[in-house]
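The values are calculated or read from the model by the stated rules, or taken from the named source; none is laboratory data. Note that the coordinates shown come from a computational prediction; the quantities given were computed from them, not determined experimentally. Note that we place each Cβ from the backbone using ideal geometry, even for glycine, and neighbour counts take in every protein chain shown. Heads up: the accessible areas ignore ligands, DNA and RNA and are worked out on the full protein's heavy atoms, side chains in. Shrake-Rupley method; radii C 1.70, N 1.55, O 1.52, S 1.80 Å.
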Amino acid sequence: MDGILLLLWHSDWVLLAFSVLIFELPRYTFSLVSLAVLIIGRRRPHAAKPDLRISVAIPAFNGAGGLRQTIASLCNQSVPPYEIIVINDGSLDQTPAIAEQALAEGLVDLVIHNPSRCGRSPGINLAARFARGDLILTVDPDTVFSRTALERMSAAFSDPHLAAASCNIGVRNESATIWTELQALEYLMSISAGKSFLAQIGAISCCSGACSLYRRDIFSYRGGLDVGPGEDLEITLRLRRFGYRVGFVPDAWASTMVPESFIALARQRLRWDRDAFRVRLIQYRECWPFRSEGLSDTLQRLDFIVFDVVPTLSLPFYLAYCVLIFGPDTLKFLAGVSLLLMIVSLFNLALTGLLFNQRPRLFSVLIAPIFPVYQGILMKGVRFWAFTSELLFSASRHDDYVPPRVRRVLANPTENSP
């Protein structure tokens, strides 16, 4: 231990600072401390009673495992939705039967059956054509809500310039495996802390696919969801480009299911990160953050470039440099950096619990010291592969998240025109 501390003490402080950036944890520390400073002495205004009607769209492909619980949590809201629309997207399980049973019981208002899978975006866009509410809530069929979530989210739309908002998201199956425990910590840091801070400076760049609320007229007028991958990020950036505000409601809570194995988690994150790289840097060309839209847009671009792109693509070169500088002591140096970040991780967990009134579970405290390894090495390695595969091979274009026949139409639209 003394050798590790001595090695850190005599290390180049520039290298240590870059180590902190590479392993990403202080990103959340900055968000948490800044958020604490911003909310000290500031009373949260009482949410006004909303008078906007909410239409809920639930696209479900083989969603039998969670659909019933999702519908029940929506019906149990302090301000119930005006209508609930379920889109059965060519499911092969019991989803159609569950949806029809809920319709017969009066729990949902409309069930739309696609005979074959079309994808999440076409299903939601179709539901928006039938919806009659002022707002449209897009919900995955494994998401459940706290009782006041819809009331608090809809109250945010007292701002006439707000076009979309998302809510705080927790992990339903947190205690299933060590991977779900780590994801629960990650959601607390990246969503609860990260998005709460970004919302304070108007820099929200992605409304969550699990549950987001839109003004229905703007949603439809601006073309609805893109039918390619990364649709939640794409529509958020598109709305920002048109000058609309995008919000985050930290005291409105939902919870969703997350992957329980590392393989399933890696596959999910490969898709998410490929989509983020493609949409941001290729489709919207956000390589240069200093553009003319305004300060908040510059900040949301910088957040992605400084904390996602630069550390990820620098990781292999950073490790090679460490080997060059420290030689056989490289592992000792990295162990010292990890020890430093473990302390920071415990501080982050404690501050998050205080800010969001979330009492950490004992196991969450026990695994917090390994969170830097999970976030800074494992997940960054996955992100590195996602970014490079997208850059070199446009891998997101072959993602089966979008059904093959829909992908073919996207790739060759003229072949399907009359």
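Identify the residue in region 381-412 that is among the basic types (Lys, Arg) and over 30 Å from residue 252 (Cβ atoms) and, among all such residues, is least open to solvent (accessible area, probe 1.4 Å). Before you say what the answer is, go through the steps one by one.
Of region 381-412, the ones among the basic types (Lys, Arg) are 383, 397, 405, 407-408.
Going one step further and asking which of them are over 30 Å from residue 252 (Cβ atoms), we end up with 397, 405, 407-408.
Working: 397: 123, 405: 100, 407: 61, 408: 146 Å².
Among those residues, the one meeting the criterion is 407.
Can you pull out the helices (runs of 4 or more DSSP H) entirely within region 233-349 that have at least 3 residues that are within 22 Å of residue 369 (Cα to Cα)?
Details: elements: 262-277, 295-304, 310-326.
Those helices (runs of 4 or more DSSP H) span 262-277, 310-326.
The combined condition, being in contact (Cβ under 8 Å) with a residue 40 or more places away in the chain and under 20 Å from the mean Cα position of the chain (by Cα), is not fulfilled by residue 316. Each residue in region 172-187 was checked for being open to solvent by less than 20 Å² (accessible area, probe 1.4 Å) and either more than 15 Å from residue 260 (Cα to Cα) or touching a helix residue (DSSP H, G or I) at 6+ places or on another chain (Cβ under 8 Å) (or both), and 7 pass.
Of all residues in region 139-149, at least one satisfies being more than 30 Å from residue 375 (Cβ to Cβ), of a type outside the set (Gly, Ala, Ser) and surrounded by fewer than 24 Cβ atoms within 10 Å (Cβ to Cβ).
Looking across region 219-231, the residues that are open to solvent by 40 Å² or more (accessible area, probe 1.4 Å) and either in contact with a Ser or Thr (Cβ under 9 Å, 6 or more places away or on another chain) or among the hydroxyl-bearing types (Ser, Thr, Tyr) (or both) come down to 220, 221, 226, 227.
Would you point out which residue out of 367, 305 is touching an Asp or Glu at 6+ places or on another chain (Cβ under 6 Å), aliphatic (A, V, I, L, M) and at pLDDT 85 or above? Answer to the selection: 367. Please verify whether residue 141 is part of a loop (DSSP other than H, G, I, E, B) and under 20 Å from residue 166 (Cβ atoms), treating the condition exactly as stated. Against the criterion (part of a loop (DSSP other than H, G, I, E, B) and under 20 Å from residue 166 (Cβ atoms)), residue 141 qualifies.
Only one of the listed residues (188, 150) is assigned to a helix (DSSP H, G or I), farther than 24 Å from residue 118 by Cα and more than 17 Å from the chain's Cα centre (by Cα). That residue is 150. Restricting region 221-232 to residues that are under 15 Å from the mean Cα position of the chain (by Cα) and assigned to a loop (DSSP other than H, G, I, E, B) leaves a set whose member that is nearest to residue 408 (Cα to Cα) is 229.
Quick one: which residue in 389, 396 is in a helix (DSSP H, G or I), touching an Asp or Glu at 6+ places or on another chain (Cβ under 6 Å) and over 27 Å from residue 35 (Cβ atoms)? The match here is 396. Between 101, 77, the distinction of being more than 30 Å from residue 378 (Cβ to Cβ), in contact with a Leu (Cβ under 6 Å, 6 or more places away or on another chain), surrounded by fewer than 20 Cβ atoms within 10 Å (Cβ to Cβ) and of a type outside the set (Lys, Arg) belongs to 77 only.
Residue check: is residue 324 of a type in the set (A, V, I, L, M), modelled with pLDDT of 85 or more, within 27 Å of the chain's Cα centre (by Cα) and loosely packed, with under 13 Cβ neighbours inside 10 Å?
Numbers: of a type in the set (A, V, I, L, M): yes; modelled with pLDDT of 85 or more: yes; within 27 Å of the chain's Cα centre (by Cα): no; loosely packed, with under 13 Cβ neighbours inside 10 Å: yes.
It is false that residue 324 is of a type in the set (A, V, I, L, M), modelled with pLDDT of 85 or more, within 27 Å of the chain's Cα centre (by Cα) and loosely packed, with under 13 Cβ neighbours inside 10 Å.
The single condition from (1) under 30 Å from residue 199 (Cβ atoms); (2) open to solvent by 20 Å² or more (accessible area, probe 1.4 Å); (3) not in a helix (DSSP H, G or I) that residue 365 fails is (3).
Condition check: buried (at least 24 other Cβ atoms within 10 Å of the Cβ), under 25 Å from residue 28 (Cα atoms), touching a residue at least 12 places away in the same chain (Cβ under 8 Å) and among the polar types (S, T, N, Q). Does residue 190 satisfy that? So residue 190 fails the test.
Considering 247, 230, which residue is modelled with pLDDT of 95 or more and not aromatic (Phe, Trp, Tyr)?
Numbers: 230 fails: modelled with pLDDT of 95 or more.
It is 247.
Screening residue 129 with (1) closer than 28 Å to residue 30 by Cα; (2) in a helix (DSSP H, G or I); (3) open to solvent by 20 Å² or more (accessible area, probe 1.4 Å); (4) touching a Ser or Thr at 6+ places or on another chain (Cβ under 8 Å) gives one miss only, at (1). Contact annotation: residue pairs with Cβ atoms under 9 Å, 6 or more positions apart or on different chains, pairing a residue in region 125-147 that is closer than 10 Å to residue 58 by Cα and at pLDDT 95 or above with a partner that is among the acidic types (Asp, Glu) and open to solvent by 10 Å² or more (accessible area, probe 1.4 Å), are 138/232. Quick one: is residue 312 open to solvent by less than 80 Å² (accessible area, probe 1.4 Å), over 20 Å from residue 377 (Cα atoms), touching a helix residue (DSSP H, G or I) at 6+ places or on another chain (Cβ under 7 Å) and among the polar types (S, T, N, Q)? No. Every test in (1) open to solvent by less than 40 Å² (accessible area, probe 1.4 Å); (2) modelled with pLDDT of 90 or more is passed by residue 283 save one, and that test is (1).
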